[in-house]
There are 2 protein chains.
Amino acid sequence: MTDQMFMGASTKQGYDIATKSREIIRGLIGDEIKDLKPAEKDIVERIVHSTADPEYAKLVHISDDFVDVAMKSLRNNETILTDINMVKYGITRYDGEVECYIKNEEVKKIAKEHQITRAAAAIRYASENDFEGIVVSGNAPTAVFEAMDLYEKGEINLKAIVGVPVGFVGAADSKEALRNSNIPNVITEGPKGGTPIAVACVNSLIQHL
Amino acid sequence: MTDQMFMGASTKQGYDIATKSREIIRGLIGDEIKDLKPAEKDIVERIVHSTADPEYAKLVHISDDFVDVAMKSLRNNETILTDINMVKYGITRYDGEVECYIKNEEVKKIAKEHQITRAAAAIRYASENDFEGIVVSGNAPTAVFEAMDLYEKGEINLKAIVGVPVGFVGAADSKEALRNSNIPNVITEGPKGGTPIAVACVNSLIQHL
């Protein structure tokens with residue numbers, strides 16, 4: 001990581017703002033995250049940076065194996081598969097592919113034929129088209145469930161899941177299931193989550209490549 | 001608005017989830033937003049829906065003229081100008097243009113020449129290239145300040161600003177300045193804000209076209 005890339009900053013002004021922001025964040029959540037590994041701390045700090053919501057220090061849970069497995073996948077330039085385009089376009093400066101298939105015509109057919117959501121169908125489509133890498137969901141619990149299901153069946157070559165869908169209905173259940181799985185994962189407890197959380201997590205890892 | 005488009009849902013399953021979510025949200029924030037106009041209520045409900053954070057009912061402020069002015073602009077298919085691509089790709093189902101110039105080569109030159117952020121330069125670039133419509137900032141306080149500055153000088157044809165940048169440094173000041181201006185606006189008080197808030201606000205209006 002170069003200084004200029006600190007927390008996504010690309011200019012001197014941006015860097016100064018990011019530095020001051022990080023000081024404020026450490027004042028707010030430093031105690032809560034003091035036992036995390038450095039790369040895990042960076043993930044949580046960046047999530048709080050991009051939401052201005054210190055509650056995420058309590059809500060984010062990172063499995064012990066997540067950072068090592070995800071970093072290895074990213075170092076190999078494996079694919080980052082996102083559930084929605086907003087997440088895709090938030091992930092920057094990655095040398096590998098960042099893919100989102102939700103608007104793919106084939107995905108629409110799969111969704112219709114199997115009566116599943118397009119978000120779930122997009123994961124299935126990826127699994128049938130040589131996907132290898134990390135699944136990132138900031139929106140759709142059905143994408144998380146589908147990825148877990150395909151993983152259990154040995155039908156998807158995924159290494160880790162960033163599963164942080166947001167919402168009062170269904171989201172918390174999908175994240176709890178993921179947290180209790182043997183898949184390397186990051187989740188947010190309860191209804192909170194969303195695009196900025198997913199993006200912050202992935203960009204934090206990319207910054208350390 | 002068709003039933004199928006309720007809160008962005010595009011399938012029966014999505015519609016059921018959105019309906020249940022809205023019930024929960026009304027239970028959480030119904031009292032706080034009871035004096036708002038219907039279209040304003042929808043904006044706040046959709047923001048809470050997309051963040052699962054009921055605190056936004058307290059933080060969102062919508063100027064009296066915002067909904068009428070913004071709806072007129074959108075009905076005329078005027079341009080929606082966003083500060084970052086994440087916001088652009090979250091805005092769906094709009095018949096007009098949704099533009100983001102942050103990666104434009106000309107914008108990079110303007111930023112370098114005038115020593116301003118690319119986000120600010122992108123607003124200036126739009127003002128010099130026949131922009132007419134709504135400015136939407138989910139990330140960069142400098143975009144909000146630049147849009148306000150150009151508006152005061154009569155150099156940008158903007159009708160309203162959705163100004164909800166997030167962050168512990170600078171964001172709150174930009175939003176307070178916008179709130180106190182005579183530009184039709186939506187802001188979030190304090191550091192909180194971000195892409196999902198910007199997107200929810202705009203998509204809520206689009207849904208009512």
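A short reminder: the numbers here are calculations on the coordinates, not readings from a lab. Source: prediction; values computed, not measured. Because the Cβ atoms are built from the backbone with ideal geometry, glycine has one as well, and the counts that use them run over all protein chains shown.
With the dipole of chain A worked out from charges on the C-beta (+1 for Lys and Arg, -1 for Asp and Glu) around the Cα centre, which of A:G30, A:A111, A:V162 lies farthest toward the positive end?
It is A:G30.
For peptide A:106-118, how many partner chain Cβ atoms fall within 10 Å of a residue's Cβ, on average?
1
Divide by every residue of chain B the summed helix terms, -39500 (n - 2.57) for each DSSP H run of at least 4, and state the resulting mean residue ellipticity at 222 nm, rounded to the nearest 500 deg cm²/dmol.
That calculation yields -15000 deg cm²/dmol at 222 nm.
Out of all DSSP beta bridges in chain A, what portion is antiparallel? Express it as a percent rounded to 5.
15
Would you check segment A:37-207 for Lys pairs whose C-alpha atoms are within less than 15 Å, ignoring same-chain pairs closer than 8 in sequence, and give me the count?
So the count of such lysine pairs works out to 7.
Report the per residue volume, in Å³, of the convex hull enclosing the C-alpha atoms of segment A:37-207.
About 101 Å³ per residue, rounded to a whole number.
Show the residues, 5+ positions off or on another chain, whose built amide H is closer than 5 Å to the amide H of A:E132.
Amide H neighbours of A:E132: A:T79.
Nearest 5 is fine: what % of DSSP beta bridges in the protein assembly as shown come out antiparallel, could you say?
If I count the DSSP bridges inside the protein assembly as shown, around 15 percent turn out antiparallel.
Residues of segment A:157-198 with backbone nitrogen within less than 19 Å of a virtual label 7 Å along the Cα-to-Cβ line of B:E23, please, listed as ranges.
Once the point is set 7 Å along Cα→Cβ of B:E23, A:167-173, A:191 turn out to lie under 19 Å by backbone N, inside segment A:157-198.
Taking the Cβ-Cβ separation of A:D173 and B:M71 as r and a Förster radius of 30 Å, what is the calculated FRET efficiency to the nearest 0.05?
0.25
What ³J(HN,Hα) values, in whole Hz, does the Karplus curve 6.51 cos²θ - 1.76 cosθ + 1.60 give for segment A:180-193 when θ = phi - 60°, with x put for Gly and Pro?
Calculated HN-Hα couplings, in order: 8, 8, 9, 8, x, 8, 10, 9, 10, 5, x, x, 5, x Hz.
At most 12 other Cβ atoms within 10 Å and a DSSP loop assignment: could you name the trypsin sites (Lys or Arg not before Pro) in segment B:124-209 that fit?
The qualifying sites are B:K153.
What is the distance in Å between the Cα centroid of segment A:137-207 and that of segment A:105-119?
The two parts, judged by their Cα centres, are 20 Å apart.
Given labels modelled 7 Å from the Cα in the Cβ direction, how far is it in nm from B:D95 to A:Y94?
3.6
So who's got an amide H within less than 5 Å of the one on B:V60, skipping anything under 5 residues away but keeping other chains? H placed 1.01 Å off N, in plane.
For B:V60, the qualifying residues are B:E189.
Size of the dipole of chain B about the Cα centre, Lys and Arg at +1 and Asp and Glu at -1 on the beta carbon, nothing else charged, in debye to 20?
480
Just add up the charged neighbours of B:T117: K/R +1, D/E -1, any other residue whose Cβ is under 10 Å from the Cβ of B:T117.
Its environment carries a net charge of -1.
Within a 10 angstrom radius of each residue's Cβ in A:162-169, how many Cβ atoms of other chains show up on average? Whole number is fine.
5
List the DSSP H helices in chain B whose Cα atoms stretch 15 Å or more along the helix axis and whose mean Kyte-Doolittle hydropathy is at least 0.0.
Qualifying helices: B:141-152, B:195-207.
Could you give the dipole magnitude of the protein assembly as shown about its Cα centre, charging the beta-carbon of Lys and Arg +1 and that of Asp and Glu -1, in debye to the nearest 20?
Here the protein assembly as shown has a charge dipole of around 20 debye.
Give the calculated FRET efficiency between B:N129 and B:L209 to the nearest 0.05, with a Förster radius of 25 Å applied to their Cβ-Cβ distance.
Computed FRET efficiency for B:N129 and B:L209 comes out at 0.50.
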